[in-house]
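Read-outs throughout are calculated quantities, based only on the coordinates presented, and are distinct from any laboratory measurement. Values in this document were obtained by computation on a predicted structure and should not be read as measured data. Every residue, glycine among them, receives a Cβ derived from its backbone with ideal geometry; neighbour counts consider all protein chains shown.
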Amino acid sequence: MGYMIKVNGDTHSVDVDGDTPLLWVLRDVLGMTGTKFGCGMALCGACTVHIDGIATRSCITAIDGIGDSEVTTIEAIGKTAAGARIQTAWLDREVVQCGYCQSGQIMSAAALLASNPHPSDADIDDAMSGNICRCGTYLRIREAIKQAAQSNGQGG
């Protein structure tokens, strides 16, 4: 069956079954491999994308549930104000170690800053709690989110 899906500002026609996870539509059908497969059960956060601005696990989100919603992936998050600040802070704080989880981490962090421009440590911990980093870069992630929040409204 065919579905129309809006991803990163473009509309795509995809010929997949309705229960196909959004993750596989993005990676295998549309060739957007920045979104990673981790666990397949929404436990690790590697597959995080935004659906209408909300951080969502694409591995358990069926394509037939997307409808007219706008999907944003790591490939386009830098075009948003929060995403650009997060990406800059990620580089400044040298967050990345192995890098596998980082697209999901960035997507969750960008959704947090878009909805809460000045999060507390507890807000950051809560928003990021579903994203696992096997390398243990959690302190650098928190510091990068704080830096991005501080740069909000300062031209950064």
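Residues that are surrounded by fewer than 16 Cβ atoms within 10 Å (Cβ to Cβ) and free of Cβ contacts under 8 Å to residues at least 40 places away in the same chain within the stretch 83-100 comprise Leu91, Cys98, Gly99, listed in sequence order. Look at (1) farther than 24 Å from Arg27 by Cα; (2) charged (D, E, K, R); (3) within 16 Å of the chain's Cα centre (by Cα) and you find that Arg93 fails only one, number (3).
Of the helices (runs of 4 or more DSSP H) lying entirely inside the stretch 24-143, those carrying at least 2 residues that are of a type outside the set (Val, Ile, Thr) and under 21 Å from Val7 (Cβ atoms) are 81-92, 102-115. Of all the residues in the stretch 97-120, those that are over 19 Å from Val49 (Cβ atoms) and either among the charged types (D, E, K, R) or in contact with a Ser or Thr (Cβ under 8 Å, 6 or more places away or on another chain) (or both) number 1.
Of the numbered criteria (1) out of contact with any strand residue (DSSP E or B) (no Cβ under 6 Å at 6 or more places or on another chain); (2) more than 20 Å from Ala109 (Cα to Cα), the one Asp15 fails is (1).
Within the option set Asp28, Asp10, Asp19, being in contact with a helix residue (DSSP H, G or I) (Cβ under 9 Å, 6 or more places away or on another chain), surrounded by fewer than 17 Cβ atoms within 10 Å (Cβ to Cβ), without any contact (Cβ under 8 Å) to a residue 60 or more places away in the chain and among the charged types (D, E, K, R) holds for one residue only, Asp19.
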